[in-house]
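Scroll down for the structure; my scribbles are underneath it.
The values are calculated or read from the model by the stated rules, or taken from the named source; none is laboratory data. Predicted model only: the values in this text are computed from it and were never measured. Positions of Cβ are backbone-derived with ideal geometry, glycine not excepted, and every protein chain shown enters the neighbour counts. In case anyone asks, the SASA skips ligands and DNA or RNA and just uses the protein heavy atoms, side chains included. Shrake-Rupley method; radii C 1.70, N 1.55, O 1.52, S 1.80 Å.
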Amino acid sequence: MTINELLKTLKTGGQLANVYLILGQADYLQRRLKTGFKQAVPAEEQTMNFASYDMDTVPLAVALDDAMAAPFFGERRVVCIDNPQFLTGETKKQKVDHDIDSLQTYLGSPMPSTVLVFFAPYEKLDGRKKVSKQLKKVATTIEIGNFSERDVRQFIADQLKQDGYTMAPAALNELIQRTDADLTLMMSELPKLELFALPQKTIELDAVTGLVRQTLTQNVFDLVNRVLAKNTAGAVTLYRELLQAKEEPLRINAILQGQFRLLIQTKVLAKQGYSQGKLASILKVHPYRIKLALQSQRRFQLTDLNRAYLGLFRVEQQMKSSTMDPEMLFSLFMTQFAGQAA
């Protein structure tokens, strides 16, 4: 089942399964699905027949006791379990103990009148664990991991249509660029853009450029291009603007290094014949970032990418070991990088 099919089922009051696993780190979709499951219970019954338990603070046994109870003057009970870290391979010590054996017993015979939903904001579960294997076998799994750019475009188009709006192609392209195709960020920007577009209900490019700020990652992507173009003045100016926007120098440098590392990895693996989808899977990076990296790496030599990466590593060391001004360190890096032959 896809997320759109599940959303439609929740909206129309269709037949629901007894157990669901919502797997992935898309915050917006996690929240939207939880709202949908809550609305699957009539409003007047939600106090007694809907509950959500955070496994970081509540024992699993409490949630299971609720799941095994009959609905109170209603047809169904919906119980949501948040942050079930015990399904993953994470080794972080949990604050509460969880009765995993009871969960396995429940999954062997789920309560017919209960919809039990696991909201797992993780990339994947630990397939070696018996409880994880059993859950994936019993549950209807909805994966909401990194959407492709095409999926994001379709989701936004569907939402705009539902709201009675249209968006100019150039405006949508700009929105995707400024948010790194992050669906959660894009959906948080839509209400502001729709309000601006009243009464014509068409979102134009000027609305996006005027109202939507670029993410730090996207600003750094622009900075990378200026570095590789050896545009010292342009690179230093943008770096100064990021500092004036209260971005931490070490964080800027870390994202810069990460972007150059991605370009190097993409260039090396692309030469070996890996596709965009395969690269996103191997490098565990959003497909949109891989798309941009593939477009950029073709224009630059591997030697330049390596020199920039190593130069930024030295900048990081200097930031941590000296009191030199970060902008001065970056300016020195750019002067040296731009003055060297490839």
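Residues that are polar (S, T, N, Q), over 30 Å from Q25 (Cα atoms), open to solvent by 30 Å² or more (accessible area, probe 1.4 Å) and not in a helix (DSSP H, G or I) occur at least once in region 287-301. In region 74-93, the qualifying residues are those that are over 14 Å from P112 (Cα atoms) and in contact with an Asp or Glu (Cβ under 7 Å, 6 or more places away or on another chain), and the one that is surrounded by the most Cβ atoms within 10 Å (Cβ to Cβ) is L87. A single entry from A51, A61, A17 fulfils the requirement of being in contact with a His (Cβ under 8 Å, 6 or more places away or on another chain), at pLDDT 95 or above and of a type in the set (G, A, S): A61.
Scanning region 7-17 turns up no residue that is over 30 Å from P191 (Cα atoms) and within 26 Å of the chain's Cα centre (by Cα).
Matching residues to (1) touching a residue at least 40 places away in the same chain (Cβ under 8 Å); (2) surrounded by 13 or more Cβ atoms within 10 Å (Cβ to Cβ); (3) under 27 Å from T179 (Cα atoms); (4) touching a strand residue (DSSP E or B) at 6+ places or on another chain (Cβ under 7 Å):
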residue: Y239; (1), (2), (3), (4): yes, yes, yes, no
residue: L262; (1), (2), (3), (4): no, yes, yes, no
residue: L279; (1), (2), (3), (4): no, yes, yes, no
residue: L305; (1), (2), (3), (4): yes, yes, yes, no
residue: Q318; (1), (2), (3), (4): no, yes, no, no
residue: E327; (1), (2), (3), (4): yes, yes, yes, no
residue: S331; (1), (2), (3), (4): yes, yes, no, no
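Among the residues of region 302-325, those that are more than 16 Å from G258 (Cα to Cα), assigned to a helix (DSSP H, G or I) and either of a type in the set (S, T, Y) or touching a Ser or Thr at 6+ places or on another chain (Cβ under 8 Å) (or both) comprise T303, S321.
Scanning region 176-196 for residues that are open to solvent by less than 20 Å² (accessible area, probe 1.4 Å) and either at pLDDT 95 or above or among the β-branched types (V, I, T) (or both) returns I176, T179, L190, L193.
Looking at region 199-214, is at least one residue over 30 Å from F260 (Cα atoms), open to solvent by 50 Å² or more (accessible area, probe 1.4 Å) and among the β-branched types (V, I, T)? No - not one qualifying residue is present in region 199-214.
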